[in-house]
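Below is one structure; the comments refer to it alone.
The values are calculated or read from the model by the stated rules, or taken from the named source; none is laboratory data. Since this is a predicted model, take the numbers as computed values, not measurements. Cβ placement follows ideal geometry from the backbone for every residue including glycine, while neighbour counts extend to all protein chains displayed. Surface areas here come from the heavy atoms of the whole protein model, side chains and all, with no ligands, DNA or RNA. Shrake-Rupley method; radii C 1.70, N 1.55, O 1.52, S 1.80 Å.
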Amino acid sequence: MNLRKTLRDTPQAPTSALNDILFILLLFFLIIATLANPNVIKLSIPKASSDTKARQTVVVSIDDKQHFFVGTTPTNPDSLQASIMRVVSRSQDAEPTVVINAHKEATADNVVRVLRAAHDLNLRAVLAVEKEK
């Protein structure tokens with residue numbers, strides 16, 4: 001008669017190395033997510049001595065060919081105010097801000113057109129510039 005208890009080993013895979021890999025992947029994706037901005041139109045913007053940070057509710061871009069973009073959507077200058085209002089109403093921000101991302105060859109008339117549209121909607125407008133080095 002065998003009265004001894006049998007000890008059975010349960011198979012286990014070592015997972016300590018997986019935790020390290022998952023932590024590194026998480027950090028990698030968080031860093032990439034902060035660097036990637038889907039509402040970016042590639043522009044060469046003017047330089048300034050100070051850098052202003054503003055929460056970007058609406059990004060209005062003007063390229064070197066004087067085309068308007070609200071976010072990444074091309075917009076007619078005549079319907080600029082309606083396009084800005086559409087984006088602001090979707091965002092539900094307490095203090096919506098219009099960031100003007102103008103190419104350095106964009107005319108002042110077009111920048112003023114965006115400023116006027118923001119003013120008519122009672123929104124704060126900020127002109128984006130690149131900090132001088």
Would you check if Lys104 is part of a loop (DSSP other than H, G, I, E, B), modelled with pLDDT under 85 and more than 17 Å from the chain's Cα centre (by Cα)?
-> yes
In region 116-129, anything in contact with a strand residue (DSSP E or B) (Cβ under 6 Å, 6 or more places away or on another chain) and either open to solvent by 90 Å² or more (accessible area, probe 1.4 Å) or farther than 14 Å from Ser83 by Cα (or both) is listed as Arg124, Ala125, Val126, Leu127, Ala128, Val129
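Can we say Thr52 is β-branched (Val, Ile, Thr), at pLDDT below 75 and either surrounded by fewer than 11 Cβ atoms within 10 Å (Cβ to Cβ) or in contact with a Gly (Cβ under 7 Å, 6 or more places away or on another chain) (or both)?
Working: β-branched (Val, Ile, Thr): yes; at pLDDT below 75: yes; either surrounded by fewer than 11 Cβ atoms within 10 Å (Cβ to Cβ) or in contact with a Gly (Cβ under 7 Å, 6 or more places away or on another chain) (or both): no.
Taking the combined requirement at face value, the residue does not satisfy it.
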